[in-house]
Amino acid sequence: MEKNLDTTENQKEGKQKSHSRKLLRRSLSSNIPSHRNDAAKVQINREKAILFISLMAFQIWNMSAQTDSSSYEIPSMDIIENRLEDALDDEDISAEDLLEELEELGKDKPNLNELSYETAVRILRLSDYQYYQLQLYLENYGEMASIYELDGIEGFGREERERLEQLVTVSRAPEKQAFFKNFFRKGKSKLLVRYGQVLERQAGYDTSRATHYAGTPGHAMFRYTFDTQGKFSFKISGEKDPGEQFFRGEQRYGFDFYSASVSIQDVGIVKKAVLGDYRLNFGQGLAIGSSMLSGKGGGAGSVRRFSTGIRAVAPTSEGDFLRGTAVTLGNSRAEGTLFAGRTFGSTDNCLGANISYSHALFKVGARILGHSHSDTCGTAAEKWRNLWQPTGFNVAADYHAILFKQLLFGEIGVNQNGAIGVLQALITSPIPTLKIAVIFRHYDKHYTNPLGHAFGTNSKNAGETGIYLTGNYVLSRRITLNLYADYYRLTILTYRTDAPVQGLDIGLSGEINLTQSSVLNVKYSFRSKPENSPESVYYKQLQEHHKHRIRLIWSNSPLSALKLKTEFDWIMNRYPMNQTRRSGILLYQDIALKFPKPDISIHARVAYFDTDSYDERLYAYENDVYYAFCIGSYYYKGIRGYLLLRYKYKWISLWLRVAQSYYIDRQVISSGLTQIDKPHKTEIKAQVMFSW
């Protein structure tokens with residue numbers, strides 16, 4: 001939703017509005033300082049008081065060594081953990097894609113005077129109606145001088161203003177400067193170099209074996225980015241996987257994987273143009289979408305995808321992205337996108353377009369995608385002809401609209417088979433303390449969308465019908481509750497399920513602010529879904545599978561430089577057919593220290609885990625070096641710990657991470673080429689980043 005609102009003011013009306021604004025500010029004088037300088041001082045003092053919020057972007061207690069500049073909340077790690085837990089069973093997911101999205105959303109504190117729609121709804125958790133009223137106020141009265149003006153805007157209040165005080169700034173929008181004149185003077189560069197290795201000897205590096213790795217056990221990567229004034233960016237990266245050769249043999253050009261992109265944005269009618277590697281997000285992801293930051297368990301504000309359009313990337317993992325070119329032209333109301341490229345790591349070619357129109361209270365869009373498969377055989381002319389012979393297409397249309405302070409949104413798509421995919425949702429707030437979201441989806445079993453990634457249980461968005469309900473309720477100033485339930489039916493074969501099934505997911509969580517520096521989170525989730533019985537001999541007979549999980553998380557900050565986090569996880573898999581129960585536990589303690597001078601951060605964890613089998617594995621986020629993403633998977637019985645050190649001096653930042661898993665119940669880890677004939681596995685990782 002854009003800032004543009006229809007206004008037809010003459011000079012007389014402008015004077016009246018200016019006078020009205022003066023009266024409004026006078027009416028708020030009991031709550032705000034009388035001078036802007038005083039307000040600025042108050043704001044600066046508050047920002048000093050919340051300095052450590054930026055140190056935990058990925059944790060519930062908002063502290064992390066991963067981001068240096070992010071100073072407000074990003075989507076809860078619960079959403080990511082749940083999404084990965086659902087999807088890791090049946091497909092590979094690029095966790096780096098998640099990190100790139102989080103990194104882009106968390107660059108700086110947003111300014112209320114130039115707040116984007118996505119940041120407002122996705123990060124600050126404003127309702128669409130609140131964002132509409134904020135933009136209407138700015139349109140009518142000009143830029144805000146103080147955050148206290150929120151008290152006079154419909155949809156906001158004192159509690160909402162107090163919540164936003166720690167997350168946003170209020171300042172004048174920067175004046176436009178000559179782009180080419182300041183191209184290098186305003187440019188910012190970052191060069192990141194990383195090396196990591198497993199210290200124990202793995203079987204694949206034994207050259208006496210018939211099958212072994214040709215390269216060294218180290219993992220190396222680099223990433224360079226240049227950005228100037230938010231209008232031009234250049235990114236390039238390279239990666240060498242463990243076991244790959246480096247500047248010799250089959251990899252005489254160095255890294256086994258390179259990625260790069262060049263992009264410009266907001267230059268005339270060009271909103272964005274990319275040459276190289278990029279990802280796309282349009283509508284709700286039913287036809288085209290790569291976003292993974294929405295899912296179950298994150299509350300009413302986490303169910304919606306955002307049409308962010310083109311996103312230039314230079315990933316250091318061989319994930320799912322397009323390599324080619326894309327451009328978006330338009331203005332604040334209407335825009336159109338054309339793109340062409342090949343899905344990396346495959347022979348699938350994509351060619352498509354998207355158009356959209358935005359107004360104050362609604363937005364509509366439509367898109368078409370054609371895809372073809374390149375034949376690797378034949379003459380060059382035959383390969384060229386096959387490149388442009390489509391093997392399928394997808395057409396989709398989406399909308400979102402504010403209706404009586406409620407938000408309606410959805411998307412419908414169809415493919416070359418005539419199969420249909422539908423998603424329809426409602427987000428409503430019947431009372432200020434309650435927010436509810438309902439999503440209905442139906443994806444025909446013949447519906448295919450090679451670039452799609454919409455809300456659902458089955459990651460392929462095919463053969464699924466379901467309804468999802470979630471709600472957030474503010475019980476008091478200290479207690480917030482979240483509930484979700486998802487009932488669905490899968491009509492195609494999925495991982496460990498060789499027949500159509502019905503499933504039910506339920507979750508309940510509560511956040512209790514014990515003190516200003518202490519928070520307790522209690523979470524319970526339940527899943528009921530039939531799966532193949534391992535006892536079946538001639539065919540896969542289904543058996544009911546119930547999964548229960550309880551999480552207790554206590555976050556505490558006894559000192560300004562010290563953050564503590566204690567978590568206890570319990571999981572149980574129950575199979576009523578054969579009366580089998582298997583369980584697992586995870587208990588860990590995190591300690592984080594931050595010293596301003598010298599700028600040093602220390603993160604440490606000690607964890608104990610004990611599970612009956614791999615199926616009872618438990619996931620937990622682990623702090624890692626910048627631009628690395630780690631969701632630890634704990635299974636079997638053992639102890640795991642890690643230590644992360646970060647030092648920053650002016651334009652250079654250094655990271656060192658050491659992690660070890662020690663297994664109590666086994667003497668051999670893993671199998672095949674990664675087998676270790678010891679009960680422990682030690683990983684080291686060193687990284688340096690130059691910023692100028």
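The values are calculated or read from the model by the stated rules, or taken from the named source; none is laboratory data. On a predicted model such as this, the values are computed, not experimentally measured, just so you know. Because the Cβ atoms are built from the backbone with ideal geometry, glycine has one as well, and the counts that use them run over all protein chains shown.
At-a-glance table
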| quantity | calculated |
| --- | --- |
| Test: residue in region 293-306 that is more than 18 Å from the chain's Cα centre (by Cα) and under 20 Å from GLU118 (Cα atoms) | no |
| Residues of region 650-692 that turn out to be part of a strand (DSSP E or B) and farther than 20 Å from THR225 by Cα, as a count | 16 |
| Some residue of region 260-274 being in contact with a Phe, Trp or Tyr (Cβ under 8 Å, 6 or more places away or on another chain) and on the phi > 0 side of the Ramachandran plot | no |
| Every residue from region 475-506 that is touching a helix residue (DSSP H, G or I) at 6+ places or on another chain (Cβ under 9 Å) and either surrounded by fewer than 21 Cβ atoms within 10 Å (Cβ to Cβ) or β-branched (Val, Ile, Thr) (or both) | ARG477 |
| Qualifying residues in region 404-435 (those that are buried (at least 17 other Cβ atoms within 10 Å of the Cβ) and closer than 18 Å to GLU160 by Cα) - the one nearest to the chain's Cα centre (by Cα) | LYS435 |
| Region 235-255 residues that are hydrophobic (A, V, I, L, M, F, W, C), paired with ones that are outside any strand (DSSP E or B) (beta carbon under 7 Å, 6 or more apart) | ILE236/ALA314; PHE246/GLY215; PHE246/THR216; PHE246/GLY254; PHE247/GLY254 |
| Whichever residue in region 110-134 is part of a helix (DSSP H, G or I) and modelled with pLDDT under 80 and, among such residues, is farthest from the chain's Cα centre (by Cα) | ASP128 |
| Flag if SER459 is within 23 Å of GLY370 (Cα to Cα), among the hydroxyl-bearing types (Ser, Thr, Tyr) and out of contact with any Lys or Arg (no Cβ under 8 Å at 6 or more places or on another chain) | yes |
| In region 587-638, residue surrounded by the fewest Cβ atoms within 10 Å (Cβ to Cβ) [restricted to those that are farther than 23 Å from SER557 by Cβ and among the basic types (Lys, Arg)] | LYS637 |
| Residues of region 152-211 that turn out to be out of contact with any helix residue (DSSP H, G or I) (no Cβ under 8 Å at 6 or more places or on another chain) and over 30 Å from LEU126 (Cα atoms), as a count | 30 |
| Qualifying position, being buried (at least 18 other Cβ atoms within 10 Å of the Cβ) and not in a strand (DSSP E or B), among HIS446, HIS453 | HIS453 |
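The rows are residues; the columns are (1) in contact with a helix residue (DSSP H, G or I) (Cβ under 6 Å, 6 or more places away or on another chain); (2) of a type in the set (Ser, Thr, Tyr); (3) assigned to a strand (DSSP E or B); (4) within 30 Å of ALA220 (Cα to Cα).
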site: SER557; (1), (2), (3), (4): no, yes, yes, no
site: ASP569; (1), (2), (3), (4): no, no, yes, no
site: MET577; (1), (2), (3), (4): no, no, no, no
site: LEU586; (1), (2), (3), (4): no, no, yes, no
site: ILE602; (1), (2), (3), (4): no, no, yes, yes
site: TYR626; (1), (2), (3), (4): no, yes, no, yes
site: TYR642; (1), (2), (3), (4): no, yes, yes, yes
site: LEU645; (1), (2), (3), (4): no, no, yes, yes
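Here is a yes/no grid of residues against (1) among the small types (Gly, Ala, Ser); (2) in contact (Cβ under 8 Å) with a residue 24 or more places away in the chain:
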| position | (1), (2) |
| --- | --- |
| TYR636 | no, yes |
| ARG646 | no, yes |
| ARG657 | no, yes |
| TYR662 | no, yes |
| VAL668 | no, no |
| GLY672 | yes, yes |
| HIS680 | no, yes |
| LYS685 | no, yes |
| MET689 | no, yes |
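To keep it simple, each residue is scored yes or no on (1) of a type outside the set (Asp, Glu); (2) surrounded by 20 or more Cβ atoms within 10 Å (Cβ to Cβ).
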residue: ARG252; (1), (2): yes, no
residue: SER263; (1), (2): yes, yes
residue: SER290; (1), (2): yes, yes
residue: LYS296; (1), (2): yes, yes
residue: PRO315; (1), (2): yes, yes
residue: GLU318; (1), (2): no, no
residue: PHE321; (1), (2): yes, yes
residue: GLY324; (1), (2): yes, no
residue: GLU335; (1), (2): no, yes
